[in-house]
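Here the structure is laid out as structure tokens; the discussion comes afterwards.
The values are calculated or read from the model by the stated rules, or taken from the named source; none is laboratory data. In this text, all values refer to a predicted model and were calculated from it rather than measured experimentally. Using ideal geometry, Cβ is built from the backbone for each residue, glycine included, and neighbour counts are taken over all protein chains shown.
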Amino acid sequence: MALRYGFFDSEITGYNDEGMPEFDRAESSDFLADFISSIVRSGVLAVPGDGFQVMAGEGMTVQIRPGFGVIAGRFARDDETSTVVISAADSQNMRIDRVILRANYPERLCEIIVRAGAPAANPQPPELQSGGDYDELCLAEVSVRVGQTSISQSDIVDTRADTSICGWVTQAIQQVDTSTLFMQWQDAYQRFYDASGVEFTAWLDGLKEELGDSVVGTLTGAIAELQSSKTDKTVSATMADAIAELQSGKADKTTVAALSQTVLGINTTKGDKASVKQATVPASGWLGDIVPYQCTVQIPGVTAASIIELGISSAATKDQARAWLDAQIVDGGQGENSITLKAFGWKPAADIPINVAIWN
């Protein structure tokens with residue numbers, strides 16, 4: 001293809017059979033869009049901060065704040081707040097809708113629409129279109145729960161900053177080669193690290209001379225056991241004895257007393273080694289029609305007096321992790337060999353693997 005350029009004034013070179021003028025340098029809107037998209041990234045303008053932000057409206061509606069955006073070289077500007085309607089909730093399953101800013105090529109316009117997702121036990125947002133008749137940006141995702149009759153702000157996830165589906169308007173060159181500068185930083189860091197190591201070694205040697213190797217060795221061993229999660233009351237007592245020996249020497253008594261108090265706290269609370277159990281919170285086990293939903297899980301070894309800590313398992317999938325976060329699960333108490341969980345968010349639609357740390 002020959003070199004194309006623009007834009008310069010065109011001159012009339014003649015007239016066609018219909019009597020319309022013909023120009024020597026006429027170009028299409030596609031050429032202008034290609035020019036813009038080559039230097040400006042698609043997205044929403046970040047100034048003001050609420051540009052094209054989706055907000056809850058009345059009933060099953062959402063409002064879109066005034067804003068400016070670029071979609072594949074076309075631009076859209078709205079100086080007024082607009083309103084779109086979210087379709088009625090499903091009677092059996094939740095769904096996720098998307099509020100979309102798109103370039104509509106067949107109708108030659110930019111518009112804001114809502115695309116409803118498919119209701120499901122584990123709903124996913126609908127796909128965006130890119131190329132062909134439409135190019136689309138997702139401004140927000142709206143969760144529509146079973147039987148819901150109005151949209152609240154907590155149902156809306158702002159996706160304007162997500163570069164995979166929208167993002168902010170930026171220049172096309174977003175990164176330059178900084179490898180040379182990085183190497184200089186790395187070299188400076190390494191030299192600082194090496195010098196700090198020498199200073200620390202000198203300080204530790206001085207501490208050994210002042211306090212004696214036996215005290216320092218005892219403390220070092222106790223701390224190592226703490227870090228390896230093997231702490232018990234014997235280790236804590238050993239550490240307390242070492243601190244008492246320090247108190248009789250040259251150490252700062254205020255600092256040592258504070259450390260001793262910490263050790264006593266370990267002795268009286270969680271100094272004993274915890275028992276960690278794995279369990280699964282079944283989606284079918286959640287009871288109740290309104291928050292908080294409750295679910296009781298069998299955990300061998302738990303008593304009514306146990307101190308427990310809950311956490312999602314590292315083996316959880318993305319969907320399970322999302323269900324855990326969306327549910328806002330908290331400890332609801334425990335009995336003999338069981339714990340009760342409460343969910344103050346959405347009722348989980350997926351089984352969730354958890355870890356339970358128990359101190360008896």
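Consider only pairs whose beta carbons are under 7 Å apart and that are at least six residues apart or on different chains; among these, list those whose first residue lies in region 36-54 and is on the phi > 0 side of the Ramachandran plot and whose second residue is of a type in the set (Gly, Ala, Ser) and assigned to a strand (DSSP E or B).
43/69; 52/67; 52/69
Looking at residue 93, is it touching a Pro at 6+ places or on another chain (Cβ under 6 Å), surrounded by 11 or more Cβ atoms within 10 Å (Cβ to Cβ) and farther than 13 Å from residue 71 by Cα? Walk me through it before giving the result.
Numbers: touching a Pro at 6+ places or on another chain (Cβ under 6 Å): yes; surrounded by 11 or more Cβ atoms within 10 Å (Cβ to Cβ): yes; farther than 13 Å from residue 71 by Cα: yes.
Answer is yes for this residue.
Checking the structure you have, find out if any residue of region 60-73 is of a type in the set (Lys, Arg), touching a Phe, Trp or Tyr at 6+ places or on another chain (Cβ under 7 Å) and modelled with pLDDT of 95 or more.
At the first step, the residues of region 60-73 found to be of a type in the set (Lys, Arg) are 65.
Subset that is touching a Phe, Trp or Tyr at 6+ places or on another chain (Cβ under 7 Å): 65.
Applying the additional criterion that residues be modelled with pLDDT of 95 or more yields 65.
Within region 60-73, one or more residues are of a type in the set (Lys, Arg), touching a Phe, Trp or Tyr at 6+ places or on another chain (Cβ under 7 Å) and modelled with pLDDT of 95 or more.
Could you pull out the residue among 357, 304, 315 that is surrounded by fewer than 17 Cβ atoms within 10 Å (Cβ to Cβ), in contact (Cβ under 8 Å) with a residue 40 or more places away in the chain and out of contact with any helix residue (DSSP H, G or I) (no Cβ under 6 Å at 6 or more places or on another chain)? Give the derivation first.
On the way: 304 fails: in contact (Cβ under 8 Å) with a residue 40 or more places away in the chain; 315 fails: in contact (Cβ under 8 Å) with a residue 40 or more places away in the chain.
Going through 357, 304, 315 in turn, just one is surrounded by fewer than 17 Cβ atoms within 10 Å (Cβ to Cβ), in contact (Cβ under 8 Å) with a residue 40 or more places away in the chain and out of contact with any helix residue (DSSP H, G or I) (no Cβ under 6 Å at 6 or more places or on another chain): 357.
Taking residue 88, is it among the hydrophobic types (A, V, I, L, M, F, W, C), assigned to a loop (DSSP other than H, G, I, E, B) and farther than 23 Å from residue 318 by Cα? Talk me through it step by step, then tell me what you get.
On the way: among the hydrophobic types (A, V, I, L, M, F, W, C): yes; assigned to a loop (DSSP other than H, G, I, E, B): yes; farther than 23 Å from residue 318 by Cα: yes.
Yes: the conditions hold for residue 88.
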